[in-house]
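Since the structure comes first, as structure tokens, the remarks are kept for the end.
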Amino acid sequence: MKILVAVDGSAYTKRMLAYLAAHDEWMGEHHRYTVLHGVQAVPARAAAVLDKTLVKSYYDDEAEKVFKPIRTFFDKQRLKADYVTKVGPVADGIAALADKGNFDLLVMGSHGHGNLGNLVMGSVATKVMAHCRTPLLLVR
């Protein structure tokens, strides 16, 4: 099974990883994993005056802060994963990669680092559900 794991480093990401580890059907060498982290784009006006390598370095650094503990998690499970960073609107990037990448399953936490406006389900999760055709496992 080809599984896309969307992460943001929040407590819900940690819960989602714990859920995966506790359920053998989602973990194992017979699955292929891609870990995705979405980074909000630097505003266009700011990006226009900044050095492009500085902006790229910012995106890479932000992604690596999230990926580092997740790499540790997958290493402890003795599993390989590909790591992908998408810059721009997070929900759109998750849904697009899930559909275009022909994933069998998308797994993500129900909330993230966003504001507390959506108490039942996070706004990114809500948007992904609305725009994604890939089966979605939300972990609360």
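The values are calculated or read from the model by the stated rules, or taken from the named source; none is laboratory data. All figures in this text were calculated on a predicted structure; none of them were measured in a lab. Reconstructed Cβ throughout: ideal geometry from the backbone, glycine too, with neighbour counts over all protein chains shown.
Regarding residue 23, is this residue closer than 26 Å to residue 102 by Cβ and over 19 Å from the mean Cα position of the chain (by Cα)?
Considered against the rule, which asks whether it is closer than 26 Å to residue 102 by Cβ and over 19 Å from the mean Cα position of the chain (by Cα), residue 23 comes out as yes.
Consider region 1-31. How many of its residues are part of a loop (DSSP other than H, G, I, E, B) and surrounded by 13 or more Cβ atoms within 10 Å (Cβ to Cβ)?
Residues meeting the conditions: 5.
Taking residue 35 as the residue in question, decide whether it is outside any helix (DSSP H, G or I), in contact with a Phe, Trp or Tyr (Cβ under 9 Å, 6 or more places away or on another chain) and over 24 Å from residue 102 (Cβ atoms).
Taking the combined requirement at face value, the residue does not satisfy it.
Can you find, within region 115-140, the residue that is modelled with the lowest pLDDT among those that are exposed (fewer than 15 other Cβ atoms within 10 Å of the Cβ) and among the small types (Gly, Ala, Ser)?
Per the criteria, the residue is 117.
Among the residues of region 94-108 satisfying the criterion of being surrounded by fewer than 20 Cβ atoms within 10 Å (Cβ to Cβ) and hydrophobic (A, V, I, L, M, F, W, C), which is nearest to residue 128 (Cα to Cα)?
Looking at the filtered set, the residue picked out is 96.
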